[in-house]
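A.B. asks: What follows is a structure written as structure tokens; I'll ask about it next.
Read-outs throughout are calculated quantities, based only on the coordinates presented, and are distinct from any laboratory measurement. Remember, it's a predicted structure, so these values are computed and weren't measured experimentally. Cβ sites come from the backbone with ideal geometry, for glycine too, and all protein chains shown count toward neighbours.
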Amino acid sequence: MKLLNLKEIIQLAYPARKYFSTVYDKKQIVLHHTVSGDGVTGDITHWIKSKFNMGTCVIISRNGEINQVFSSKYWAYHLGVPGSTYKKIGVPYKRWDMNSIGVEIDSYGGLKKGTDGLWRTVYGELIDQDKVVEYPKGYRGYFAFEKYTDEQIESVRQLLLFWCERYSIPLEYKEKMWDVNADALSGEAGIWSHTSFRFDKSDVHPQAELITMLKNLSKCQ
């Protein structure tokens with residue numbers, strides 16, 4: 001089973017002023033997707049233009065390339081959980097951005113079906129239909145998403161194994177990660193999705209291949 005090759009990680013020129021170099025204990029890894037095309041330039045530009053220090057440790061291109069924005073020991077805002085969510089779930093408010101590592105997967109995310117019956121991105125662009133995974137019952141307001149590629153899922157796997165060993169983060173799969181829950185908001189250690197923290201987000205979606213990878217992680221220990 002292939003292990004992470006640190007020499008293959010692409011180091012991006014991200015301004016040091018746009019993230020925090022204060023080191024906190026890492027307890028959680030949170031998976032996101034970008035809602036963008038393939039390529040990190042637009043994602044980075046968006047974060048740099050923000051008035052906040054926002055971003056994730058890495059962005060994973062569709063071909064599986066790992067692009068490092070800043071070291072996993074540092075942090076930036078990537079959760080954005082409103083206080084109302086803590087109140088609704090009944091959990092005392094505490095920000096977990098500094099104790100978590102964010103991972104962005106390049107993907108258009110949720111798709112919309114056009115009048116021609118074909119799936120399009122939220123920007124109206126036609127997407128190759130073989131790249132679509134449908135959810136007949138829907139997920140977070142969408143009935144289809146762009147698939148994460150096999151290469152992306154493999155890169156996520158390698159990163160999770162590396163970080164879980166480095167920071168002693170448990171690998172056990174969490175069935176409840178696909179909806180907002182008290183454990184994620186309370187800082188329970190482990191691997192989570194942005195959807196574990198926010199009702200208004202749909203990243204990441206529960207693609208079967210991604211779930212299979214997550215469920216098999218603990219077997220690698």
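A.B. asks: Starting from the Cα of Thr22, step 7 Å along the direction of its Cβ; do the same at Asn216; then give the gap between the two resulting points in nm.
C.D. replies: If labels sit at Thr22 and Asn216, their model points lie 4.0 nm apart.
A.B. asks: Quick one: order Arg157, Arg95 by neighbouring beta-carbon count within 10 Å, fewest to most.
C.D. replies: On the way: Arg157 19, Arg95 12.
In order of increasing Cβ crowding within 10 Å: Arg95, Arg157.
A.B. asks: Sticking with this one: For the stretch 1-98, how many pairs of lysine residues have a Cα-Cα distance under 15 Å, where the two are 8 or more positions apart or belong to different chains? Walk me through the intermediate numbers first.
C.D. replies: Working: Lys18/Lys49; Lys18/Lys51; Lys18/Lys73; Lys26/Lys73; Lys26/Lys94; Lys27/Lys73; Lys27/Lys94.
The result is 7.
A.B. asks: Show me the ranking of peptides 121-131, 190-200, 106-116 by mean Cβ neighbours inside 10 Å, starting with the highest.
C.D. replies: Details: 121-131: 11.6, 190-200: 21.5, 106-116: 17.3.
Answer by packing, highest mean first, reads 190-200, 106-116, 121-131.
A.B. asks: Using amide H atoms built in the peptide plane, which far-off residues or other-chain residues are under 5 Å from Ala144 H to H?
C.D. replies: Result for Ala144 returns Leu111, Tyr135.
A.B. asks: Rank by packing, highest mean first: peptides 44-52, 146-154, with packing defined as the count of other Cβ atoms within 10 Å averaged across residues.
C.D. replies: Per-residue mean Cβ counts within 10 Å order the peptides as 146-154, 44-52.
A.B. asks: Of the residues Pro15, Pro170, Pro206, which exhibits the maximal mean-square fluctuation in a Gaussian network model of the chain defined by a 10 Å Cα contact cut-off?
C.D. replies: Between Pro15, Pro170, Pro206, it is Pro15 that shows the largest mean-square fluctuation.
A.B. asks: Right, next: With a/c under 1.5 counting as rounded, go ahead and sort the stretch 11-150 into rounded, prolate or oblate using the C-alpha gyration tensor (a ≥ b ≥ c being the square roots of the eigenvalues; past the cut-off, prolate if a/b is larger than b/c, else oblate).
C.D. replies: Here the stretch 11-150 falls in the oblate category.
A.B. asks: Hey, what do the phi angles of the stretch 178-183 turn into as Karplus ³J(HN,Hα) couplings, whole Hz, using 6.51/-1.76/1.60 and θ = phi - 60°, x for Gly and Pro?
C.D. replies: Per-residue couplings from phi come out as 8, 8, 4, 8, 5, 5 Hz.
A.B. asks: Kindly write out, for the stretch 33-47 in residue order, the coupling ³J(HN,Hα) from the Karplus curve 6.51 cos²θ - 1.76 cosθ + 1.60 (θ = phi - 60°), rounded to whole Hz, with x marking Gly and Pro.
C.D. replies: Calculated HN-Hα couplings, in order: 10, 7, 6, 7, x, 6, x, 8, 4, x, 5, 5, 4, 4, 5 Hz.
A.B. asks: List the residues, sorted by chain then number, that are 5 or more residues from Ser193 or on another chain and whose placed amide H is less than 5 Å from its amide H.
C.D. replies: Leu31
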